[in-house]
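Notes to accompany the following structure.
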Amino acid sequence: MSKQFSVKAKPYNFEFNLDSTALVIIDMQRDFCAPGGFGEKLGNDITLTRSIIPTIKNVLEVAREKGLFVVHTREGHRPDLSDCPPNKLARGRKQGAGIGDEGPMGRILVRGEYGHDIVDELTPVEGEVIIDKPGKGAFFQTDLEIILRNKGITNLLVGGVTTHVCVQTTIREANDRGFDCLLLEDCSAAFDPKDHEDSIRMIHQQGGIFGWTAPSKNLLEALSE
Ligand code: TIU
């Protein structure tokens, strides 16, 4: 049996061991964290989504040291947009954030473009998995579930952007599939802090209806014991 770790979390401690846990970093792409990307084109201020980069980097470095399985996701579409549902395309365009339109970092939310890729500070290293997802949830139309099951992963430590959209959708999808999820509160952000705070509460309310939440220092404390 590998060592059990216990993180002080809401609504109660989150127990995990290193062999069956993955760190999942959602959509830390330039399109959400740099000027001119999808997030900003939707009318949002990217200050908060940028601000969590050092905190995630810190957790990522510890995860790498401890040998945790690491997954990064990216939201985006094929260059011909054949995997983008018409409703997503139409709503983006209405907001002035046309998926596939040219922006300062290349075509918005299109795979292979500079804006679609993960920010430099969090660049994946060899052995880490990158999941390209067309939807908000990381399980929808991807091979994430089979990859996690093949690795024997049962617990997810989750961060990234945005808390109320792709992070929360992924946690809900994971919870329904039987994965226990801990949202790292300060490793995730929304454009509006209220959306972030509300999401944290929605996850841990009702005895942990979708999962657990904790600041990353509680995870790091547990791992250093
Ligand atoms: N708009 C918004 O808040 N988020 C997204 O569209 N995608 C993710 O959350 N990654």
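The values are calculated or read from the model by the stated rules, or taken from the named source; none is laboratory data. Here the structure is a predicted model, which means the values were calculated and not measured. Positions of Cβ are backbone-derived with ideal geometry, glycine not excepted, and every protein chain shown enters the neighbour counts. We work out accessible area using only protein heavy atoms, side chains counted, and drop any ligands, DNA or RNA first. Shrake-Rupley method; radii C 1.70, N 1.55, O 1.52, S 1.80 Å.
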Low-density loop positions, GluC sites (Glu not before Pro), segment 65-157 - DSSP coil, at most 14 other Cβ in 10 Å
126
Carbon and sulfur together cover what percent of the accessible area of the chain at a 1.4 Å probe radius?
50
Rg [Å, one decimal], Dmax [Å, integer] - the chain, C-alpha atoms
16.7, 54
What is the sum of charges, Lys and Arg at +1 and Asp and Glu at -1, for the other residues whose Cβ falls under 10 Å from the Cβ of residue 8?
+1
Accessible solvent surface per residue of segment 4-195, calculated while the other protein chains remain in place, 1.4 angstrom probe, Å²
43
If you take every DSSP beta bridge whose two residues both sit in segment 4-195, what share of them, in percent to the nearest 5, is antiparallel?
25
Of 8/41; 10/88; 88/151; 10/194; 41/66; 41/133, pairs whose Cα-Cα distance is over 30 Å:
8/41; 10/88; 88/151; 41/66
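Would you mind counting up the charge near residue 181? Only other residues with Cβ under 12 Å from its Cβ, with Lys and Arg at +1 and Asp and Glu at -1.
Its environment carries a net charge of -1.
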